[in-house]
1. Could you calculate the FRET efficiency of K184 with N124 from 1/(1 + (r/R0)^6), where r is the beta carbon distance between them and R0 is 35 Å, rounded to 0.05?
2. Per-residue counts of other Cβ atoms within 10 Å, averaged by peptide: what ranking do you get for 104-111, 55-62, highest first?
3. Tell me, D86, D96 in order of fewest to most beta-carbon neighbours within 10 Å?
4. Put +1 on the Cβ of each Lys and Arg and -1 on the Cβ of each Asp and Glu in the chain; which of F255, A102, G92 then has its Cα farthest toward the positive end of the dipole?
5. Is the stretch 171-258 best put as rounded, prolate or oblate by its Cα gyration tensor, with a ≥ b ≥ c the root eigenvalues, rounded for a/c under 1.5, and otherwise prolate when a/b is larger than b/c, oblate when not?
6. Cross-link candidates for K225: which lysines have Cα within less than 19 Å, leaving aside residues fewer than 8 places away along the same chain?
7. Which of the peptides 150-160, 136-146 is most tightly packed, and how do the rest follow, going by the mean number of other Cβ atoms within 10 Å of each residue?
8. Give me, ordered by chain and number, the residues 5 or more places off T271 or on other chains with an amide H under 5 Å from its own placed amide H.
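All of the numbers you see were taken from the coordinates with simple rules; none came from a lab. From a predicted model like this one, the values you see are computed outputs, not experimental measurements. Glycine also receives a Cβ, built like all others from the backbone with ideal geometry; neighbour counts cover every protein chain displayed.
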Amino acid sequence: MNWRRGRRSRFAAGTIDALVANIKAHAPDHIAVTGDLVNVGLPAEYETALTFLASLGDGEHVTVVPGNHDAYVRSTAHHALLNWGDYMRGDGASGDVTVDEAFPFVRRRGEVALIGVSSAVPTNPFMATGRVGRAQLARLGTVLDRLGREGLFRVVLIHHPPCGPRPAHKRLIDAEGVRACLTKHGAELVLCGHDHRPMVEQLFGPRGLIPVVEAPSAAAGPEDKRWPGGYHLYRIERAGEGPLGWRCTMEAHGFAPGETGVALRTTRVLTAPPLVASS
Ligand SMILES: [Fe+2]
């Protein structure tokens, strides 16, 4: 019912294929997938999603965090980790990590640290809420502090956006706690999914504003009533000394109403070293 009455008419494999081909043409160093990958959590859906992830790349080059649909029902909530473990395991972690302790995980790629947070919890019917939980939040604070002291560019991946407007049944239940954690311990970029619309919000952090970016759906066609499908391409580079010396730009690529092709739509500077005015 869930699939047939709604998403079947909006999401198409051909749409995904066109976006993935476009992503690959840009040869990114790394791909971050912020969920959802499946619809209602049937065991076979996780296998199909694994085939999709393999088409993006291996676990060294692709990182995944689960969405609420990826933990849709209690009986298969652990299947995301079971099937996609290679894509959501920290550097050096073994394969027998339990769901309770699997997040946040940390992956370092050069001077960039990817921090995978799970907000995916089973919910009652018609709900799409998320929750990070106190224990994971406490671990996230410790991890952010440690990586911040190392001077890395910290990219937090979390399916449910911790800020921005949305209906109550789609909210991150402990969003306030997540915002407080990011504000206290810091991050350079937060990437989310869930709302199927591209949005950039900002949070206060100890070193300045933290961009919080929501990705559009990767399966919605050009005429989608919420937002056409697309993806964001980030360029992260050193542009100065110290913790404020990062430059991060975001290109929004995707479909547009009335068109069939994937193209660059906007470019935006998210982070840049502060300019000092000369007298
Ligand atoms: Fe979602």
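1. 0.65
2. 104-111, 55-62
3. Exposure proxy ranking, most exposed first: D96, D86.
4. F255
5. In terms of gyration-tensor shape, oblate.
6. K170
7. So the order, starting with the most tightly packed, is 150-160, 136-146.
8. It is C248, by chain and number.
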